[in-house]
Amino acid sequence: MTCMLTLADISGDTWSEDITAAPKVLGRSEGADIRLDHSSVSRQHCRFWVECGDCFVEDCGSTNGTYVNGIRVDREKIAPGDTVVIGRFELVVEDKQRVQVTVDLPEEPRSRVLLLDQRSEERHLARVIHQRMTPSRRMSLPGLIVNVVYRPSGLLGGDCFDNFELDNRWILSVFDPMAHGVKAAMNSALLRSELTRWVSLTAEPARCLQWINSELTLMGINDLYITAVIAAWFPRTQTLVYAAAGEHPPLILHDGIVRNVGEAAGGMPLGVQTGEHYSEQLVHLKEGDRVFFFTDGVGEAVVVADTPGITAVDLAHRLEQTAKLTLPEQMAQVLANAPADPLDDILLVGCEVTAG
């Protein structure tokens, strides 16, 4: 079997590279066989090769580590379907022959969308839009491994997660419109595209929420309110600073116990009223600590019959029950009871502090 690595960058750029018997070094250096020019990638980060018919990846002592399916590895066998995270980049291992067969199909198959009725087609299109805005994925940031699970409801909404680098910190954000429809989705997309500018101007999550709230209320869009959480991650000090607007703050799992369940939301949803004040929280984390961002739709997956039905409380209980699992396994177990066709978008983002 001939395998290949495929990179789908967040900018939309895509390339593929064959894995061969001769080892190929991936890194930031100009002399690397596979070059990814970004500060999150070491000069010689890792190498890929084929040995006795199997494909392998080996870390070359990188700063931020090499991850296979969300688990940090030194040397690991890889196969089609595996995901390798290197810095902020995600590479998918694929069977080259299978990909080539797909590319060389003599006739393009009829689009399944054309076979759907109008309502089903709208739901399918909404699902595609949602998955493009917030795909389920794993990524590695400095000092933090991030796992995103997103299951759209099929109704056009706008739950989304975004992250980007800014100076000496990384910004993590979650938005959840309190409505559905094209207007909600478009407004969520606007917030996502403008977030970099707002954060650059204010440099603080709480101040950023105040700016967004002011602009939304001035726009005068009726009945369009958005809950949000914005956090800044400082890898050098392992510090997380966050602020919330109408959403429960991220849950902090330390030594198997959620430390901040029931913490105040910090302010009204965005767009409700001008002059709203948002409070800010700072927490120092340690290696192995986990942080979970989530939207209301998660409640459908974790609600327990004998509890008040408050998403944060039920989610905290489920996180404590599954704390000994790896992060991807824990999140899969937490959402194991999620309905196949949820009424609301399910967005759960798990972050684990690493030694890097």
- Note on the structure: The FRET efficiency for Thr83 and Cys60, from their Cβ-Cβ distance with R0 = 25 Å and rounded to 0.05, is 0.85
- Message: I'd like the Karplus ³J(HN,Hα) series for segment 56-72: coefficients 6.51, -1.76, 1.60, θ = phi - 60°, whole numbers in Hz, and an x wherever there's a Gly or Pro.
- Response: 10, 10, 9, 6, 9, x, 5, 6, 9, x, 10, 10, 10, 6, x, 10, 5
- Query: How long are the three semi-axes of the equivalent ellipsoid of segment 222-356, in whole Å, if each is the root of 5 times an eigenvalue of the C-alpha gyration tensor, listed from largest down?
  - Reply: 23, 22, 12
- For segment 1-95, list log₁₀ I(q)/I(0) at each q in 0.13, 0.18, 0.20 Å⁻¹, using the Debye formula over Cα point scatterers of equal strength and ignoring solvent, two decimals each. -0.36, -0.73, -0.92
- Query: Once you put a point 7 Å from the Cα of Thr196 and another 7 Å from the Cα of Thr20, both along the Cβ direction, what distance in nm separates them?
  - Reply: 3.5 nm
- Task: Express in nm, to one decimal, how much length is gained between Ala336 and Glu204 on full extension, taking 0.36 nm for each residue of separation and deducting their alpha carbon distance.
- Result: 44.0 nm
- Item | Amide H contacts of Leu144 (H built 1.01 Å from N, under 5 Å, at least 5 apart or other chain) | Thr354
- Note on the structure: In Å², rounded to a whole number, the accessible area per residue of segment 309-356 with probe 1.4 Å is 42 Å²
- Dipole magnitude (debye, nearest 20) for segment 311-356, charges at Cβ of Lys, Arg, Asp, Glu: 200 debye
- Chain lengthening between Asp74 and Lys286 when straightened (0.36 nm per residue, less Cα-Cα): 74.1 nm
- Task: Please sort by residue number the trypsin sites (Lys or Arg not before Pro) in segment 207-266 whose DSSP state is loop and whose Cβ has at most 15 other Cβ atoms within 10 Å.
- Result: Arg236, Arg259
- Item | Simple label model, 7 Å out from Cα along Cβ direction - Met268 to Phe164, nm | 2.9 nm
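The values are calculated or read from the model by the stated rules, or taken from the named source; none is laboratory data. What you are looking at is a predicted structure, and each value in this text was computed from that prediction instead of being measured. Positions of Cβ are backbone-derived with ideal geometry, glycine not excepted, and every protein chain shown enters the neighbour counts. Surface areas here come from the heavy atoms of the whole protein model, side chains and all, with no ligands, DNA or RNA. Shrake-Rupley method; radii C 1.70, N 1.55, O 1.52, S 1.80 Å.
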